[in-house]
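This report refers to the structure that appears directly beneath it.
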Amino acid sequence: MRNRNAIAAALAAALAAAGLAGAAPATAAPAAAPAALGLDYHCTFPLLGPQPVHVDLTADVPGRVSVGESMPGIVVDSVSAVNAESARGLTALYATTLEGHALADATLTVPEMPDGLAVAVDSVLEKTPIPATGGFTVKGRGTAPDLTFTQAGPGKISVGDLVLTLTPRTDDGGESGLGTFESECAQDPGQNNVLASFDIVDENEPAGHGYALKGSTTLKTANVPLTGALTTETNGQDVTAGLTLDPSKAQFQLLGFLPTTADVAFAAQSGTGTYKDGVLTTSSKVTATFPAFNVFGAIPIGGGDTCRASAPSDLTLASAPGFDPGTGGDLKGAYTLAPLADCGLLTGALSSALAGPGNAVTVTLTPKN
C-alpha cells in the first residue's frame, strides 16, 4: 500500500460520516455495487447525558481491487439522525446551527496488515440548521483518494467509536451558552460495524486452484467419510468447479436393528460457482451409487452396478467470509438424496434408510503442492 497517510485519507470521509459528517471507504475496483450500513451510538451531551444518535451510510462499493493498480476514489453519502430531545436542549440555549469536528476510530484489515490498522480521523462537521421542534438530520458526502494494494486477499473497513467536538451557534453567529464541547459516542454493542468488504485480486496469478478434500456427509442417520479433490478456475467472480469424491462406506441400522454396511460411490458433473466478497461457493450435480450392501459385515443383501439414487443431487458448498484461495479452508452445504432404484429385493427398505432431504456435508480444502 502507498503509505499510512494515504490509508487515513481514504478512510477519512467514511469515518467522519459515522461522526455526523461525510464519508468514503477505501476500496477500488472495475465495478461497484450498492452498499449500506446503519450504526447506533449513544453520545454524551452536556445537561442531557447519553443520547441516541443513528448514522446511515450508503455507497457504491466495488467488490474487487486489483493488486498494483491505482483505483479511483469512492463517493459515500451519510445521513445522521439527532433526536428531538437533543434538539430541544440546543434550542433552549438559543442555538440555531451546529458545526464542529468528528474524530472517529476505524480498523482497516487487508492482507499486508492482517491484524488491522487502527486509524483515527478528524473531519469537519457540516454546518446544519437546528429546527425549532423535532429531531434533525445531518447529511454528508466525501470521496476517498486513490489507493494501491500490494497483496491479494480479502479486505474490510470496520467503523468504531466517535468523539465529537461541537459548537452550537446562535442567529448572530456567536456561540451558545454551551460554548464548544466534546461528546464521546460509544457504539451500541452487537452491531455489524463493517462499512465495506472487498477482494484484492492479483490478475497475474494463475486463475486455477487445486485442493485435496476431506470431510464427511450424512445419509439420513448414516455418517459417510469423504475424501477427494476440488479444482476451481476463476474468471472474474465466476468459478468453474471440478469435484471428485472417492468411494466410501456408510454404516447404518437397516429396519432399525440390522447392522448394515453400504459401499458408496459418487459421480460428480462439472459445476459452477462464485468467489465474491471473500466467499467461495460451488454448485455441482452428484449421483450416488451403491455397489454393495452387507449385513453383519459379510452377508450381501443388495446393491450392484445398477443400484443408484434415482436422480442426481444438487450439492452447493459455501465457505464462511474470508476464504483465501491460496490457503483453502472449510466449506459446508446440504442436499437431498433421491430414492434408490434397482438395488434388489430390498430396494424399498434400503431407500427408506438412506434417501431424503437435509443431508449435511462438511469438507476441508487443503491446497495441493
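Within the range 342-369, the set of residues being open to solvent by less than 30 Å² (accessible area, probe 1.4 Å), part of a strand (DSSP E or B) and not polar (S, T, N, Q) comprises Gly356, Val361, Val363, Leu365.
Yes or no, residue by residue, for (1) surrounded by fewer than 21 Cβ atoms within 10 Å (Cβ to Cβ); (2) at pLDDT 80 or above; (3) among the acidic types (Asp, Glu); (4) over 22 Å from Thr44 (Cβ atoms):
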{"residue": "Ile74", "(1), (2), (3), (4)": "no, no, no, yes"}
{"residue": "Ala84", "(1), (2), (3), (4)": "yes, yes, no, no"}
{"residue": "Leu103", "(1), (2), (3), (4)": "yes, no, no, no"}
{"residue": "Val110", "(1), (2), (3), (4)": "no, yes, no, yes"}
{"residue": "Leu147", "(1), (2), (3), (4)": "no, no, no, yes"}
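If I filter the range 315-341 down to residues being polar (S, T, N, Q) and open to solvent by 30 Å² or more (accessible area, probe 1.4 Å), which single residue comes out as farthest from Val194 (Cα to Cα)? If we take residues in the range 315-341 being polar (S, T, N, Q) and open to solvent by 30 Å² or more (accessible area, probe 1.4 Å), then Thr336 is farthest from Val194 (Cα to Cα). Please work out which residue is surrounded by the most Cβ atoms within 10 Å (Cβ to Cβ), limiting yourself to the range 179-203 and to residues that are out of contact with any Phe, Trp or Tyr (no Cβ under 9 Å at 6 or more places or on another chain), touching a residue at least 60 places away in the same chain (Cβ under 8 Å) and part of a loop (DSSP other than H, G, I, E, B). So, considering only residues that are out of contact with any Phe, Trp or Tyr (no Cβ under 9 Å at 6 or more places or on another chain), touching a residue at least 60 places away in the same chain (Cβ under 8 Å) and part of a loop (DSSP other than H, G, I, E, B), the one surrounded by the most Cβ atoms within 10 Å (Cβ to Cβ) is Asn193.
Of the listed requirements (1) surrounded by fewer than 19 Cβ atoms within 10 Å (Cβ to Cβ); (2) of a type outside the set (A, V, I, L, M); (3) at pLDDT below 80, Ser78 misses just one: (1).
Consider the range 162-174. How many of its residues are free of Cβ contacts under 8 Å to residues at least 60 places away in the same chain and either open to solvent by 40 Å² or more (accessible area, probe 1.4 Å) or on the phi > 0 side of the Ramachandran plot (or both)? Before you say what the answer is, go through the steps one by one.
Going through the range 162-174, the residues free of Cβ contacts under 8 Å to residues at least 60 places away in the same chain turn out to be 172-174.
This time we only want the ones that are either open to solvent by 40 Å² or more (accessible area, probe 1.4 Å) or on the phi > 0 side of the Ramachandran plot (or both), so: 172-173.
Of the residues in that region, 2 qualify.
Taking (1) over 27 Å from Pro321 (Cβ atoms); (2) outside any loop (DSSP other than H, G, I, E, B) in turn, Leu280 satisfies each apart from (1).
Here Ser283 clears all of (1) at pLDDT 90 or above; (2) among the small types (Gly, Ala, Ser); (3) within 28 Å of the chain's Cα centre (by Cα); (4) open to solvent by less than 30 Å² (accessible area, probe 1.4 Å) except the condition numbered (4). Of the residues Ala334, Ala355, Ala338, the single one that is within 23 Å of Lys214 (Cα to Cα) and out of contact with any Leu (no Cβ under 8 Å at 6 or more places or on another chain) is Ala334. Against the criterion of being among the hydroxyl-bearing types (Ser, Thr, Tyr) and either closer than 20 Å to Thr347 by Cβ or in contact with a Lys or Arg (Cβ under 9 Å, 6 or more places away or on another chain) (or both), Ser313 qualifies. Here Pro321 meets the list (1) in contact (Cβ under 8 Å) with a residue 60 or more places away in the chain; (2) assigned to a strand (DSSP E or B) almost entirely, failing just condition (2). Of everything in the range 117-134 that's assigned to a strand (DSSP E or B) and open to solvent by 30 Å² or more (accessible area, probe 1.4 Å), which residue is modelled with the highest pLDDT? That would be Pro129.
The values are calculated or read from the model by the stated rules, or taken from the named source; none is laboratory data. Note that the coordinates shown come from a computational prediction; the quantities given were computed from them, not determined experimentally. FYI the Cβ positions are ideal-geometry reconstructions off the backbone, even for glycines, and counts take in every protein chain you see. Quick note on the areas: whole protein, heavy atoms, side chains included, nothing else; ligands and nucleic acids left out. Shrake-Rupley method; radii C 1.70, N 1.55, O 1.52, S 1.80 Å.
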